[in-house]
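S.K.: Following this message is one structure expressed as structure tokens.
The values are calculated or read from the model by the stated rules, or taken from the named source; none is laboratory data. Bear in mind that the values here come from a model prediction, so they are computed numbers and not experimental data. All Cβ positions, even for glycine, are placed from backbone atoms using ideal geometry, and neighbour counts span all protein chains on display.
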Amino acid sequence: MAGPLTGLRIVEFAGIGPGPFCGMMLADHGAQVIRIDRASGSRGGSSPVSRADVLARGRKSIALDLKNAEGVALARKLCATADGLIEGFRPGVMERLGLGPDELLGDNPKLVYGRMTGWGQTGPYAPYAGHDINYIALAGALAHFGREGEKPTPPINMVGDFGGGGMMLAFGMVSALLNVARGGKGQVIDAAMTDGTAVLMGMIHGMKNAGVWKEELGVNTLDTGAHFYDTYETADGKYVSVGSIEPQFYAQLRELAGLTEDRDFDAQHDPSKWPALKAKLTDLFKTRTRAEWDSLMEHTDVCYAPVLTMSEAAEHPHNRAREAFVTIGDHVQPAPAPRYSETRPETPEPAPMPGDDSEGVLKDIGLNADEIARLREAGAVG
């Protein structure tokens, strides 16, 4: 079966991180995503070009020299056949190439033009470089990741690049494409990682507004302040996670951990007691291995799970039962998500190498073999 986005064509200008993640999401769910790679064969950044690149899976690749007028003309011709476009350059770069919204929406008024940046297309920071750590810092998120008395800890680059960036752009693309399908016009999507990260903090803003979240680091229920919502080291140097927030789940934690008779644990929601209770749980969890705690607490309502590495996660029985990971080109990687009852996406193909599909894509938009050969000779096509 084909995914729910089957029949849509998206042109992706190659980049790194959140832009490719958005392209992967659209491709995973059935869209034909044609990535314009550099004629030189690189994709920018420090990531190696490889068929094992998860974020580049499921694409077709055409390699064009966008410093060559004929390469730009080909990109423009391709975009005229597309439903959507995604790009992740600094503001103004696409305009300088002659591939800005004015030109491309002039060619194709129903085009959805998706722009992925850290700071956004406007604002005092817009022209300058940055990375995930900077975007989530400015958005008011990074200040809340970490433990009391320690400095803020970046959550890898999942919040800005992927949650607030690529996923937000994918949502915007699908929303705008749906609007076009209902008779609307094409438009430009300005997806800034700062904006998206701020949206991801919506619940925390609500808790702060209600007076149940303090801005100090690591003193709240969900930021490792509470003893019943944290990770703990086990006897074999591994870790487990506990999230027993609700009273019935907390009661089961106490029962299975042998803490029912310890009256200190009655003070679940007294923050002044949390450090002492956390110290007790720290000592307790070190008395058994992770496997022993698994056998005791898995498949209960404690809200418990072992803390798994990527390799371990792929082998866990729950993930295997759900086929949450797939092997593509000899490499294990996450399967497309979410799931659909009717339009189940196919397993993605491995990432193409730059230019793998140049000839086929060019023929598809009307060029013949002689024209393609001339463009290769001119250096417009890699």
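S.K.: Of all residues in region 249-268, which are touching a Lys or Arg at 6+ places or on another chain (Cβ under 7 Å), under 18 Å from C303 (Cβ atoms) and not in a helix (DSSP H, G or I)?
M.R.: T260, the sole residue that qualifies.
S.K.: Now, a different point. Scan region 103-119 for residues that are more than 12 Å from G164 (Cα to Cα), under 20 Å from the mean Cα position of the chain (by Cα) and of a type in the set (G, A, S) and jot them down.
M.R.: Within region 103-119, G114 is the sole residue that qualifies.
S.K.: Continuing with this model, one more query. For residues that are under 12 Å from T194 (Cβ atoms), touching a Gly at 6+ places or on another chain (Cβ under 9 Å) and in a loop (DSSP other than H, G, I, E, B), tally how many sit in region 132-151.
M.R.: Going through region 132-151 one residue at a time, the tally reaches 2.
S.K.: How do the pairs read when you match residues in region 350-367 that are charged (D, E, K, R) with residues anywhere that are part of a helix (DSSP H, G or I), using Cβ under 7 Å and keeping only pairs 6 or more apart or on different chains?
M.R.: Hits for this filter: E359/I372.
S.K.: Only one of (1) more than 23 Å from the chain's Cα centre (by Cα); (2) under 30 Å from M24 (Cα atoms) fails for C303. Which number is that?
M.R.: That leaves (2) as the condition not met.
S.K.: Can you pull out the residues in region 205-239 that are in the same structural domain as A279 (by TED's automatic domain parsing), over 19 Å from A276 (Cα atoms) and not charged (D, E, K, R)?
M.R.: Within region 205-239, A235, G237, Y239 meet the criteria.
S.K.: Of all residues being among the charged types (D, E, K, R) and closer than 30 Å to R290 by Cα in region 316-351, which is modelled with the lowest pLDDT? Just the residue, please.
M.R.: Filtering first and then ranking leaves D330.
S.K.: Also, quick follow-up: In this structure, is A251 farther than 30 Å from R90 by Cα, out of contact with any Asp or Glu (no Cβ under 9 Å at 6 or more places or on another chain) and crowded, with 18+ Cβ neighbours inside 10 Å?
M.R.: In short, no.
S.K.: Hey, among M173, M158, which residue is within 25 Å of Y229 (Cβ to Cβ) and either in contact with a Ser or Thr (Cβ under 9 Å, 6 or more places away or on another chain) or modelled with pLDDT of 95 or more (or both)?
M.R.: Result: M158 is the single residue among M173, M158 that is within 25 Å of Y229 (Cβ to Cβ) and either in contact with a Ser or Thr (Cβ under 9 Å, 6 or more places away or on another chain) or modelled with pLDDT of 95 or more (or both).
S.K.: If we scan region 127-148, do we find a residue that is farther than 29 Å from N179 by Cβ, in the same structural domain as M193 (by TED's automatic domain parsing) and among the hydroxyl-bearing types (S, T, Y)?
M.R.: Within region 127-148 (the criterion being farther than 29 Å from N179 by Cβ, in the same structural domain as M193 (by TED's automatic domain parsing) and among the hydroxyl-bearing types (S, T, Y)), the answer is yes, since at least one residue qualifies.
S.K.: Another question about this same structure. Let me confirm something: among V361, V302, which residue is in contact with a strand residue (DSSP E or B) (Cβ under 8 Å, 6 or more places away or on another chain), among the β-branched types (V, I, T), surrounded by 12 or more Cβ atoms within 10 Å (Cβ to Cβ) and closer than 22 Å to Y232 by Cα?
M.R.: Checking each option against the conditions leaves just V302.
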